Amino acid sequence: MTSRRRFLRTVAAAAALGVPGTLRAQPREVLIGETHPLTGPLAREGNLGRQGIELAVNEINAAGGIQALGGARLRLMVLDNESKPPVAISTMERLKDAGVVAVLGPYASGLAFVTTQEAEKYRIPHVLDVAIADQITERGFKYTFRFSPTAGVGAAQTVEYLGGLVKDFQLGWKRAVLVHEDGLFGKATADTLQKLLPTIGMDVVDRIPHNAQAPSLTNEVLKIKAARADVVIPSTYYPAHSLIIRTMAEQRVDVGAVLSVYGGAGSQYRFIKDVGRLADFMLDGNHWFNPRAPRIRGVIAAFERAYQQPFAYEWLLAYQSVWVLKDALERAGAPDRERLREALARTHLTDTLMPYPIAFDDKGQNPHARVLLMQVQGGRIAVVYPPAFAEARPVVPVPPWEKRS
Amino acid sequence: MTVEILATSLANGVMLGGLYALVALGLTLIFGVMRIINFAHGSLMMLAMYATFGLATRTGVDPYLALGVTVPGGFLVGWGLQRLAIAPVLGAPEHNQLLMTLGLALFLDNLALALFTADPRTLLTAYSASTVAIGPVRLNLPRLLAFAGALGITAALAAFLKLTVLGRALRAAAEERDGAALVGIPVRRMYALAFGLGSACVAAAGTLAVPFFYVSPEVGNTFVITAFVVVVLGGLGSFPGALLGGLAVGVVESLGGLFLHGSLAQIGIFLLFILVLLARPTGLLGAAHA
């Protein structure tokens, strides 16, 4: 009934106007799809991403929408993929059926592998936020766009920054110890680091795998002590990371620095909130904002006002992904998937909140993407390397436990 | 491998073993009396840990004082659970009983996930990183206190079962259900008592673990899966067996971790498990009827 009535009304309206549809005003809304893990094990990160996207969309709409489309407002269709790849596939299908022009999300690599595949199949441009696995953009997909750094780039740059620190501060560090959880993530990161560390003149003197759910990591910490490490590099999940630091404090294991790559803890204000001063001086190479970007303080303040949460890079990357899409929509000039894809491929954004310009190579990866090196200093996360972005001087070697209050 | 590392690791294993024993004690008590494997044991531990964390952060009291709340609270929750959920399935086939306790565990874990989120929380006290130095060996104070507390509670419970009338009645109900009922022991109430006591044990273990560990919705599994091994190793339903098994597993796991990497450290536990069961199929101190 409803559809027949609506059909008749549409026909009547068209007849009354007597003009073909194309001559009428541009659509007043552009439908954007979003798939994020809003429940399940990745719920925290997924919800941060959702908030970042929501903030950007509200800002864009409040400022007059997409100019090139006659001020069309962005409308979001947000679907929860429950942290599960099979559900992520079905969210992509529903977004396609709803007619979205592009899809944002999905935070995790495991989810991005399937969402990018579906996006390719349905020819929907897909701008990723965080997912770091290198392989995502190595499958020759035409509809996948990732502006943020990959796992490989993050590891290589963090090691390069470590080499820079050792040289600039004449630390003379040689001995690195890798502590990794013995699943796929920890082992793969440790393998990469083991290959990279010799390039800056460091020896991996020990590799200490551990069970991420172990009730005690005292043995592992004792092994760190025995290895007389200059740098300890944990690649593990957040709870184990926290337990390692606590046990190092308890056993008074002093090292030059604890540094991680895409760490589960060092770039997280929730970690600092959780363990307090124990988090001090931890170094982490990770996604971060450009502290020199003029707009950044205002955006962070707006986020904190809207959601009462401290800064987290998860939402910032999602926020930035909306602006990448907005820029492309302006240049595409039509809410059309193909034209949007072409516009995205020609992106060249220099006005970003990230410490890099945004453009895409023919694989859809941003070749300029980079991580920064942060250090926790007195409860604040400060960029300490490279010098072009640094907000504070790195504290290395870190003070011994006995001398900390 | 220095003597210092070996000694620290050994001590750490003994301390952790005490806590395993306390968790296992609750399990073995419930099994010994009711012949029910309580999969919700870890969830009760997790709830006690959140209660401790909440009390300590909200009111600023010392986490060990939370024992005064979590132990009676654990008892009441255990008693209530037994009456509401376990008693109705006691006569049911075993797999139904398993599903009931497993269902309880899933429900409680997900409830915690919804209430407290998946973020692990850490309770830091002034003495969290305090150590007691014995020669070159540094013993973490909270772990040492957990060990002492676990031994104390085990001793108290053993005394209760051996020396009091109520304790004897409980043992009678465990050993010969119909006979106990014939001489006037309220068997159904004894079952609720056993479940309450078992839950109080694991609640105490939870509180004792908070100062040196973290709290998260799935944290119970870290301790309870090992405790299942301890229970069978020591002999199902055997108290001294749980203590002995707990200490043995703690030491084997810790020393194993020195020589084998990561998750492989668990191999030691299961090797011990297989060897003991081959030599003594009812467990270290298990009675023939178990």
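The values are calculated or read from the model by the stated rules, or taken from the named source; none is laboratory data. Treat the numbers as computed from the prediction; the structure is a model and nothing was measured. Here the Cβ is made from the backbone with ideal geometry for all residues, glycine too, and neighbour counts use every protein chain on show.
Overview of values
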read-out: Hits in region A:275-294 - residues which are within 9 Å of chain B (Cβ to nearest Cβ) and in contact with a helix residue (DSSP H, G or I) (Cβ under 7 Å, 6 or more places away or on another chain); value: A:Val275, A:Leu278
read-out: Subset of region A:218-237 (residues that are under 22 Å from B:Phe259 (Cα atoms) and more than 9 Å from chain B (Cβ to nearest Cβ)); value: A:Val221, A:Ile224, A:Ala227, A:Arg228, A:Ala229, A:Val232, A:Ile233, A:Pro234, A:Ser235, A:Thr236
read-out: Residue pairs meeting the criteria (Cβ under 8 Å; at least 6 apart or on separate chains; first within 7 Å of another protein chain (Cβ to nearest Cβ), in region B:1-21; second surrounded by 18 or more Cβ atoms within 10 Å (Cβ to Cβ) and among the acidic types (Asp, Glu)); value: B:Leu16/B:Glu253
read-out: Subset of region B:249-283 [within 22 Å of the chain's Cα centre (by Cα) and either away from every other protein chain (no Cβ under 14 Å) or of a type in the set (Phe, Trp, Tyr) (or both)]; value: B:Phe270, B:Leu271, B:Leu272, B:Phe273, B:Ile274, B:Val276, B:Leu277, B:Thr282, B:Gly283
read-out: Residue selected from region A:269-286 under the condition modelled with pLDDT of 90 or more and crowded, with 24+ Cβ neighbours inside 10 Å, by the criterion farthest from A:Tyr161 (Cα to Cα); value: A:Met282
read-out: Residue within region B:99-106 that is within 30 Å of B:Ala11 (Cβ to Cβ) and of a type in the set (Ser, Thr, Tyr) present; value: no
read-out: Residues satisfying the stated conditions in region A:238-263, i.e. over 25 Å from the mean Cα position of the chain (by Cα) and at the interface with chain B (Cβ under 9 Å from one of its Cβ atoms); value: A:Arg246, A:Thr247, A:Ala249, A:Glu250, A:Gln251, A:Arg252
read-out: Tabulated pairs, region B:124-144, first more than 8 Å from chain A (Cβ to nearest Cβ) and part of a loop (DSSP other than H, G, I, E, B), second of a type in the set (Ser, Thr, Tyr) and surrounded by 18 or more Cβ atoms within 10 Å (Cβ to Cβ), C-beta under 9 angstrom, 6+ apart or interchain; value: B:Pro136/B:Thr8
read-out: Selection count where residues are within 14 Å of another protein chain (Cβ to nearest Cβ) and buried (at least 16 other Cβ atoms within 10 Å of the Cβ), scope region B:69-117; value: 4
read-out: Any hit, region B:190-210, residues being within 14 Å of chain A (Cβ to nearest Cβ) and either in contact with a Cys (Cβ under 6 Å, 6 or more places away or on another chain) or over 23 Å from B:Leu244 (Cα atoms) (or both); value: yes
read-out: Residue match in region A:380-398 (condition: under 26 Å from A:Asp97 (Cα atoms), among the hydrophobic types (A, V, I, L, M, F, W, C) and at pLDDT 95 or above); value: no
read-out: Identity of the residue in region A:396-405, touching a residue at least 60 places away in the same chain (Cβ under 8 Å) and surrounded by fewer than 18 Cβ atoms within 10 Å (Cβ to Cβ), that ends up nearest to the chain's Cα centre (by Cα); value: A:Pro397
read-out: Given (1) touching a strand residue (DSSP E or B) at 6+ places or on another chain (Cβ under 8 Å); (2) surrounded by fewer than 19 Cβ atoms within 10 Å (Cβ to Cβ), number of the condition B:Arg121 does not satisfy; value: (2)
read-out: From the options A:Val78, A:Val57, residue that is under 16 Å from A:Gly33 (Cα atoms), touching a residue at least 24 places away in the same chain (Cβ under 8 Å) and surrounded by 20 or more Cβ atoms within 10 Å (Cβ to Cβ); value: A:Val57
read-out: Residue match in region B:251-265 (condition: surrounded by 20 or more Cβ atoms within 10 Å (Cβ to Cβ) and assigned to a loop (DSSP other than H, G, I, E, B)); value: no
